[in-house]
Amino acid sequence: MKRRDRSATPRYGVARVLSKRGLCSRSEAERRVREGRVSVDGKLVLDPEFALALDAAGIEMDGVSVPMAGHRYLMLNKPRGLVTTTHDEKGRDTVYRCFENANLGWIAPVGRLDKASEGLLLFTSDPAWSALVASPETGPSKTYHVQVDALPDDALISSLQAGVEDAGQWLQVASARILRQGQRNGWLEIVLDEGRNRQIRRLLSAFGIDVLRLVRVAIGPLALGELAKGQWRELTDGEVSALAPRG
């Protein structure tokens, strides 16, 4: 039997190489290859699985050289009213409106915030890092400030921490505390260590309470800080490592 050379440079399908370089998603890269828009060393490539080294030179798309690119890691202060998706079938504005004319290449959201929610949302071109951050097992906790249409009390805090079943799922918070109260409503700080769909809204609704505003203010040690609504910035190397330590 021929032994596999473990020192050989790993090779990937050209579509995966394009995706890993942050040019577009893998499915989009596959489509572009099949459309005859990609060449390698001047020769047209129509097979998305055409094998290449990740750092291969001579790749062109639409006649333009495809450079090597490191992964990008961004944080956005998501405004209310935008949906967290690349394309919306209903024609609604998406979070990508905040990146118009930025020439960032392909980036994808890490998790999501629903249309009515706002605050800290991460984006990256690094699928492995995204999976670590989004995973309930390896990902950091998430902190929210939530305005509710009631005056919260200690009994509510205890109930949120004890949890409740909703639609066959057990929902509870890692921690909760009262931030402040007005005459008719109040604000809670809620920390989640898991990410079920609309978890906070569903949990509060189970106790007859509606959410007026929901703002994600931190993911693990990364705080939203003074980043303005609709603005974004690159994460530092230290922030990237802190959110998803590797090795």
- Checked the stretch 85-95 for anything of a type outside the set (S, T, N, Q) and modelled with pLDDT under 95; matches are H87, D88, E89, K90, G91, R92, D93
- Of the conditions (1) in contact (Cβ under 8 Å) with a residue 40 or more places away in the chain; (2) out of contact with any Pro (no Cβ under 7 Å at 6 or more places or on another chain); (3) open to solvent by less than 90 Å² (accessible area, probe 1.4 Å), V14 clears all except one; give me its number. (2)
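Could you identify the single residue in L113, L82, L46, L104 that is modelled with pLDDT of 90 or more and under 21 Å from S19 (Cβ atoms)? Don't jump to the end; show me each part of the working.
Working: L113 fails: under 21 Å from S19 (Cβ atoms); L82 fails: under 21 Å from S19 (Cβ atoms); L104 fails: modelled with pLDDT of 90 or more.
Only one candidate qualifies: L46.
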- Task: Search the stretch 110-144 for residues being among the acidic types (D, E) and part of a loop (DSSP other than H, G, I, E, B), and hand back the single one that is most open to solvent (accessible area, probe 1.4 Å).
- Result: E137
- Note on the structure: Output for Cβ contacts, cut-off 7 Å, separation at least six or different chains, first residue within 23 Å of S130 (Cβ to Cβ) and free of Cβ contacts under 8 Å to residues at least 60 places away in the same chain in the stretch 73-101, second basic (K, R) and open to solvent by 30 Å² or more (accessible area, probe 1.4 Å), reads L82/R97; L82/K115; V83/R92; V83/K115; T84/R112
- Query: Of all the residues that make up the stretch 126-177, how many are farther than 26 Å from Y73 by Cα, in contact with a helix residue (DSSP H, G or I) (Cβ under 7 Å, 6 or more places away or on another chain) and among the hydrophobic types (A, V, I, L, M, F, W, C)?
  - Reply: 7
- Query: Going through the stretch 205-217 one residue at a time, which ones are closer than 28 Å to A228 by Cα and either over 20 Å from the mean Cα position of the chain (by Cα) or among the charged types (D, E, K, R) (or both)?
  - Reply: D210, V211, L212, R213, R216
- Flag if G119 is within 16 Å of R216 (Cβ to Cβ), in contact with an Asp or Glu (Cβ under 9 Å, 6 or more places away or on another chain) and in contact (Cβ under 8 Å) with a residue 40 or more places away in the chain: no
- Message: Among the numbered criteria (1) touching an Asp or Glu at 6+ places or on another chain (Cβ under 9 Å); (2) within 16 Å of I190 (Cα to Cα), which one does P136 miss?
- Response: (2)
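Does K229 satisfy the condition of being within 15 Å of the chain's Cα centre (by Cα), at pLDDT 95 or above and under 30 Å from E100 (Cβ atoms)? Even if it seems obvious, please write down each step before you answer.
Details: within 15 Å of the chain's Cα centre (by Cα): no; at pLDDT 95 or above: yes; under 30 Å from E100 (Cβ atoms): yes.
Here the answer is no, as K229 does not meet what is asked.
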- Which one is farthest from W106 (Cα to Cα) among residues in the stretch 130-144 that are among the hydroxyl-bearing types (S, T, Y) and free of Cβ contacts under 8 Å to residues at least 24 places away in the same chain? S135
- Query: Which residue, of R26, R32, is without any contact (Cβ under 8 Å) to a residue 60 or more places away in the chain, touching a Cys at 6+ places or on another chain (Cβ under 8 Å) and either within 23 Å of F123 (Cα to Cα) or open to solvent by less than 70 Å² (accessible area, probe 1.4 Å) (or both)?
  - Reply: R32
- In the stretch 55-81, what residues are closer than 23 Å to T124 by Cβ, open to solvent by 60 Å² or more (accessible area, probe 1.4 Å) and touching a Lys or Arg at 6+ places or on another chain (Cβ under 7 Å)? M68
- Item | Matching residues in the stretch 74-103 - criterion: being part of a helix (DSSP H, G or I), more than 12 Å from the chain's Cα centre (by Cα) and hydrophobic (A, V, I, L, M, F, W, C) | C98, F99
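Give me a count of the residues in the stretch 146-183 that are closer than 30 Å to V240 by Cα and touching a Lys or Arg at 6+ places or on another chain (Cβ under 8 Å). It would help to see each step written out before you state the result.
Within the stretch 146-183, the first condition is being closer than 30 Å to V240 by Cα, and the residues that meet it are 146-147, 161, 171-177, 179.
Narrowing further to those that are touching a Lys or Arg at 6+ places or on another chain (Cβ under 8 Å): 146-147, 171.
Residues meeting the conditions: 3.
The values are calculated or read from the model by the stated rules, or taken from the named source; none is laboratory data. Predicted model only: the values in this text are computed from it and were never measured. All Cβ positions, glycine included, derive from the backbone under ideal geometry; neighbour counts span all protein chains shown. Ligands, DNA and RNA are stripped out before the accessible areas are found, and what is left, the full protein with its side chains, is counted by its heavy atoms. Shrake-Rupley method; radii C 1.70, N 1.55, O 1.52, S 1.80 Å.
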